[in-house]
Structure formats: C-alpha cells, structure tokens
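Take a look at the structure below.
The values are calculated or read from the model by the stated rules, or taken from the named source; none is laboratory data. The structure displayed is predicted, hence computed values, not measured ones. FYI the Cβ positions are ideal-geometry reconstructions off the backbone, even for glycines, and counts take in every protein chain you see. Accessible surface areas use protein heavy atoms only, side chains included; no ligands, DNA or RNA. Shrake-Rupley method; radii C 1.70, N 1.55, O 1.52, S 1.80 Å.
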Amino acid sequence: MSKSTRVFGAALGAVALTVSLTACGGDSLEKSKDGGSSSSGAAEGGKGKLVIGAAGFTESNVLAELYAQVLKDAGYGTSITTVNNRELYEPSLEKGEIDIVPEYAATLAEFLNAKVNGPKAPQDKPVASSDVAATVAALDKLAAPLGLKALPAGSAVDQNAFAVSKEFAQKNNLKTLSDLGKSGLKVKIAAGDECAVRPFCAPGLKTTYGIDVSGIDPKGVGTPQSKQAVKDGVDQLVLTTTTDATLDSFGLVLLEDDKKLQNADNVLPVVNAKDAGAPEIAAALDKLTKALTTADLIDLNRKVDAERAKPADVAKAYLESKGLLKK
C-alpha cells in the first residue's frame, strides 16, 4: 500500500472493510511477540519487549524506526513487523501482537468509524475533520473500547495536497488554493479518476475555493506520470501529499490549503493500551512527536527514496540531531 493510496483512500471517507486483503502483502503475524522482522534488532530491554508495526511505505518504515530507536533508548527491547494493510495490522494491534503503530489521525479515525459503525459511516456520519484536536478526540473515543489508545498528535502532517508548477504559480501569483480560485483559471487535475466525485478533490475545490476544474487526467495520485504532466503543462494541478519529497525535482510547488478542505492527518502513535500504555512509553514517544515536523518528514522520505539511505540509518541520524538519543 503506497502512501498516496493511504491518503487518497482515507480522505474519501468511505473506508470499506470488505476490500481484498490480498492487494498488499506483509509479514505473517502468526508468530511469537518477539518474532517480528526487525531492522532495529530485537534487543533485550530491562523494561520488556515492544513490537512496532510498519505499513510498508517509506514514511511508515521511517516512523517505525524512529519509534523503535527512541523506545530502545528508553530501556525497552524493540522489534519492527511490517504489515502492509491496515485491515490486517489494526486487529493485530488490538490483540497485542503489535504494541505500537505510527498512524494518521483522520485516516485511522474514519477506519475505526467504518469498523464500529458500518462501512457507510465515514460518508454518512464522518468523525474526522480539519480540526486535529476534535479528530483525535473522536479517534480516541472509537479506539478505547477496542483496547487502543491514541497518544497526542504532533504538527507533522501527511495529508492530501495540490501542487502546480513553479512557473505557473509565479506567472499567476499563486500561493494558496484561494488564489487559484480567485484567478478564474481553468485547471485540469492529474489525479485518480475518483477525484471527479470525491468531496476533498474536484467537488471540494469547486465548492470551497471556487476553482474552475475543467477535467481530470486519470494518471494516479502523486505518481511520476501525474507530476510530469503538470511539469509539461498538459495539466495544471496534481493531487499529491504534503510530505511528497519529489515535488522539487519536477519543478512543482504546493498551494496552501488555506480554507482547510483536507482532514487532519497528523502523525501520532497508537498503542495497545494494556501492553504499551505505560506513561514511560508515552513520554518517550511524545518527545519525538513534538520534535517532528512536516518538513522533517519530507527530508526523511527524500533521504530514503532519492538517496537510497536505509530507514534505520536515517532515523538514527535524525534522532541524534534532535538530541533524542542518549550519548
């Protein structure tokens, strides 16, 4: 499951739990708690062992490494298990097969909304919004009966975003989506074909910002083909994410979502309350959450995707730079 698939699917609201679970592979969880695949090493810790879940895309892998290394530094034995599908790893988090997962507030809130209240609930009665505090509160209310606890969210956010070419932005004096709406320019959006009907995409751009959408070019969400189409001027707008590390290489720039069309997909740890609800765990992770920014995520993603660095090495260097690891 790619990051863009996660974000696009989450913002639709309709998170169907009946989707095929074979689309995204992952390590089997039918193993002992300390049997997960680990790039941080399943080190023995005086405070016990913790299994961190990763969802298989770059950003999730890096976040899992950050969590594992911070907790290892706090005295826990840590290992990382990769399970590429939320439909699989969320139940494992409930069962305690996984103790902690880096998550996204709005995405998980609507996933649990669908799980608890039925697959149509995210469309009919959504619980996520652009308000991060309200979204996390709704998430925690749904998570608690399942034995899960959402720890505080930080400022780092990975949510849907729209980019234009730097040339197009400069020529038309565009910095925000409101600027684009006021310009009266017709724009074709490079995105998934679902953009035509999803409230956060074309319909939302029209109603919230007054943007004149002339059509959808179905090249996918944040794909190289979509970004190339905007670079070449074939399309004017591309649907991607706020932590896309490749925009600069395509000569693209994000337009600010100044009217908060998108839901608050701020990064936060979600834990099994029984096995990983200790205050010491929350305190260790909170230091990281408070330090991490969206710009940091972009940089970390770039180092792995463009520079081919290992997530474990990138995570360690970042934590050391922020003074989050003991010398």
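Worth a mention:
- Under 21 Å, Cα to Cα: Lys pairs in segment 216-327, sequence gap 8 or more or different chains: 16
- Helix 58-73 axis, angle to the chain major axis (alpha carbon atoms, nearest 10°): 30 degrees
- Evaluating 6.51 cos²θ - 1.76 cosθ + 1.60 at θ = phi - 60° for every residue in segment 232-239, the Karplus couplings come out as 7, x, 5, 10, 10, 9, 10, 7 Hz, glycine and proline recorded as x.
- Taking E307, E94, E167 and ordering them by how much accessible surface each has at a 1.4 Å probe, largest first, produces E167, E307, E94.
- Helical runs (DSSP H, four residues minimum) scored at -39500 (n - 2.57) apiece and divided by the length of the chain put the mean residue ellipticity at 222 nm at -12000 deg cm²/dmol.
- Solvent-accessible surface of protein heavy atoms, probed at 1.4 angstrom with all chains present, puts K120, K182, K227, K219 in the order K182, K120, K219, K227, largest first.
- Rounded to the nearest Hz, the phi-derived 3J(HN,Hα) couplings of segment 97-111 under the Karplus curve 6.51 cos²θ - 1.76 cosθ + 1.60 (θ = phi - 60°) are 6, 10, 9, 9, 9, x, 10, 10, 3, 5, 4, 5, 4, 6, 4, where x marks glycine and proline.
- 0 to 90° range, to nearest 10: angle between helix 311-321 axis and the chain longest Cα axis: 90 degrees
- Shape call, segment 117-198: gyration tensor on alpha carbons, a/c limit 1.5: prolate
- Burial ranking of peptide ranges 154-163, 104-113, 187-196, 208-217 (average Cβ count within 10 Å, highest at the top): 104-113, 154-163, 187-196, 208-217
- Reported label for calculated Rg and Dmax of the Cα atoms in Å given [x] 19.7, 62; [y] 18.3, 61; [z] 23.2, 74: [x]
- Candidate aspartates and glutamates - alpha carbon under 17 Å from K149, same-chain residues fewer than 8 apart omitted: E90, E94, E97, D99, E103, E110, D140, D265, D275, E280, D286
- Portion, in percent, of the accessible area of the chain that falls on carbon or sulfur, probe 1.4 Å: 52 percent
- Using the 1.4 Å probe convention, the accessible area of the chain works out to 43 Å² per residue with neighbouring protein chains retained.
- Largest-first ordering by accessible area, 1.4 Å probe, given options D296, D248, D99, D131: D248, D131, D296, D99
- Built amide H within the under 5 Å cut-off of A190, gap 5+: D217, Q236, L237, V238, L239
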